[in-house]
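The values are calculated or read from the model by the stated rules, or taken from the named source; none is laboratory data. None of the values given here were measured: they were computed from a predicted structure. So basically every Cβ, Gly included, is an ideal-geometry build from the backbone, and we count neighbours across all protein chains shown.
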Amino acid sequence: MKKVFFLFLTFIALYSFGQGNTSTEKMKASTSINDMVAKNSLLSFKVLSYNVFYQPKGGDAETFKNNGPYFSPEVKKVIQKAKPGDIYYIEEIKVMGPDNITRKIPGIAFKID
């Protein structure tokens, strides 16, 4: 029961603190999904994969698949394009918990200020 409760609290922390507006500088300084979520919310989870959906203000959307927590070269390139009004969605996040069970957790979204 403790493990289930801990996992529930972790998902709440990720969902609650991992969304919202962020600055261009903070977005461009990110090197992994871990930089973009609440501190320690993924502490006991191994990030396996996720998709990054980039919607530039007034432009065409792009989607990128990423394996592992660190951004691939393609994702780094699109992160460096961040400017006010752009939106980034990180979806289809797959993690492995300390119990070795793979889970899909809620996505997160960021609007660049």
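Remark: Leu14 matches the filter, which requires a residue to be at pLDDT below 95, under 22 Å from Lys104 (Cβ atoms), in contact with a Ser or Thr (Cβ under 6 Å, 6 or more places away or on another chain) and not basic (Lys, Arg). For the range 49-71, state whether one or more residues are among the polar types (S, T, N, Q), in contact with a Leu (Cβ under 6 Å, 6 or more places away or on another chain) and either within 20 Å of Gly20 (Cβ to Cβ) or surrounded by 19 or more Cβ atoms within 10 Å (Cβ to Cβ) (or both). No, that holds for no residue. The residue that is farthest from Gly97 (Cα to Cα), counting only those in the range 39-51 that are modelled with pLDDT of 95 or more and not hydroxyl-bearing (Ser, Thr, Tyr), is Asn51. If the condition is being within 11 Å of Asn51 (Cα to Cα) and either polar (S, T, N, Q) or within 11 Å of the chain's Cα centre (by Cα) (or both), then the range 73-108 contributes Tyr88, Tyr89, Ile90, Glu91, Glu92, Ile93, Lys94, Gly107, Ile108. With respect to (1) in a loop (DSSP other than H, G, I, E, B); (2) touching a Ser or Thr at 6+ places or on another chain (Cβ under 7 Å), the lone exception for Asp99 is condition (2). In the set Lys26, Lys77, only one residue is at pLDDT 90 or above, more than 22 Å from Asp99 (Cα to Cα), basic (Lys, Arg) and part of a helix (DSSP H, G or I); that residue is Lys77.
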